[in-house]
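Below: the structure, in C-alpha cells.
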Amino acid sequence: MLKFRLFKENFARHYMLGLTIFCLLILFFIGAGLIIKSIPILQEKSLWQLLTTSNWKPFKGDFGFLTFILSTLYVTVIAIIIALPLAVLSSIYFSEYASKRIKRFFSPVVDLLAGIPPVIYGVWGTLTIVPLISEKIAPKFVDFSTGYSVLAGGIVLAIMIIPIIISILTEVFNSIPREIREASWTLGATKWETIKKVVLRKSLPGMIAGVVLAISRAFGETIAVLMVCGNFTDLPKSIFDSCYPLPALIANNYGEMLSLPGYESALMFSALLLFVIIVMFNAGSRIILNHINIRYQL
C-alpha cells in the first residue's frame, strides 16, 4: 500500500513537471518559429534600421517599425494610467466596504464586462469615444483631430481591461485573512489605515501579477484598438494623432499582398517584436516581484 502511494506521488510529480516543460517548449517553439520567419527581413535590413526608422513603404522595400512600436507602447501606457487607479479603488470598495447585496449585484456585472467580445468595445468606441474626442476634447488642445487617435485606443483598451483587473484584485484582497485586519483594528488603526498599511502591502505580489496579466492582454489586443486608432503609418506626435499598433498591423495586412518581397517576413518580424515586448515585460515584472518579496518578506 505504501509503495503504491509513493508511486502515485512520484507519478504526479513527474507528470506535472512534464506539463510544465511542455508549456515552456510551446513558448520556445513560438519564438523560434517567428525568428525563422523573420530571417529574410533581417538579412536585408539591419536590426537597428528596422527598429529606429518609421518609413513603411512595402512596395519600395522600406520597413520601419518605430511607428508601430511606439503606437503599441503609447496606447498601452494610456490604458494603464486610466484603468489602474479606477480598478484598484473599485476592488478595495468591493472587498472592504461593499455590502453583500452590492457584491451579489456587481460581481456578475464585472464578469459580464470581462467576457464581452472586443469587437463590441470597438464598435462602442467608434460610436462614442471617437466623436467625443473629435468634437469635444481635441479642439481644446489641437486644431484638428479625426478622433481616431492614440487617446481613443487607450480609453477603449482601459475600459476593456478594467473588469479583468477588478476581478483579480478583488480575489487577492479577499484572500487576506480577516484576523490580520482585526489585529490592526485592535491596535487602533482606522479601516482606511488598515487597508493602506496592511491589506495593500500583503496583497502587493498578487496586485502586481494581476496588473501584469492585464497589461499583457492590452499589448496583444487587436480588433477594438484597430477600430479606433486610425491605422496611420506616420509617427504620432500627440495623443490626438492617429496611430498604428503592432497587433493592428498584423491583423490588417496578413493574408494580403504577401506576394511582395519581404512583406510576409516583415509581418512575422512585427509579431516577433510583440512577442519579445511581452516576454521582456513579464520577465521584468517577475524580477520586481521577487525584489518586493525579499524587501518586505512577503
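Here are some notes:
- Any chance ILE155 is surrounded by 16 or more Cβ atoms within 10 Å (Cβ to Cβ), at pLDDT below 90 and part of a helix (DSSP H, G or I): no
- Scanning segment 123-145 for residues that are part of a loop (DSSP other than H, G, I, E, B) and buried (at least 16 other Cβ atoms within 10 Å of the Cβ) yields one hit, SER145.
- Scanning segment 91-122 for residues that are surrounded by fewer than 17 Cβ atoms within 10 Å (Cβ to Cβ), among the aromatic types (Phe, Trp, Tyr) and over 15 Å from ILE165 (Cα atoms) yields TYR97, PHE105.
- Listed by first and then second residue, the pairs linking a residue in segment 262-275 that is touching a residue at least 12 places away in the same chain (Cβ under 8 Å) to a residue that is crowded, with 21+ Cβ neighbours inside 10 Å and of a type in the set (Gly, Ala, Ser), with Cβ atoms under 7 Å apart and 6 or more places separating them unless they lie on different chains, are SER265/SER38; MET268/SER38; PHE269/SER38; LEU272/SER38.
- Annotation note: Cβ proximity below 6 Å between a residue of segment 54-70 that is under 10 Å from ALA266 (Cβ atoms) and in contact (Cβ under 8 Å) with a residue 24 or more places away in the chain and a residue that is hydroxyl-bearing (Ser, Thr, Tyr) and surrounded by 14 or more Cβ atoms within 10 Å (Cβ to Cβ) (sequence gap 6+ or interchain) occurs for TRP56/THR233; PRO58/TYR263.
A quick yes/no check of all residues on (1) in contact with a strand residue (DSSP E or B) (Cβ under 8 Å, 6 or more places away or on another chain); (2) of a type in the set (Ser, Thr, Tyr); (3) farther than 30 Å from VAL199 by Cβ; (4) assigned to a helix (DSSP H, G or I):
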| residue | (1), (2), (3), (4) |
| --- | --- |
| ILE35 | no, no, yes, yes |
| LEU50 | yes, no, yes, yes |
| THR67 | yes, yes, yes, yes |
| VAL77 | no, no, no, yes |
| ILE81 | no, no, no, yes |
| PRO85 | no, no, no, yes |
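The values are calculated or read from the model by the stated rules, or taken from the named source; none is laboratory data. Quantities reported herein were computed from a predicted structural model and do not represent experimental measurements. Because the Cβ atoms are built from the backbone with ideal geometry, glycine has one as well, and the counts that use them run over all protein chains shown.
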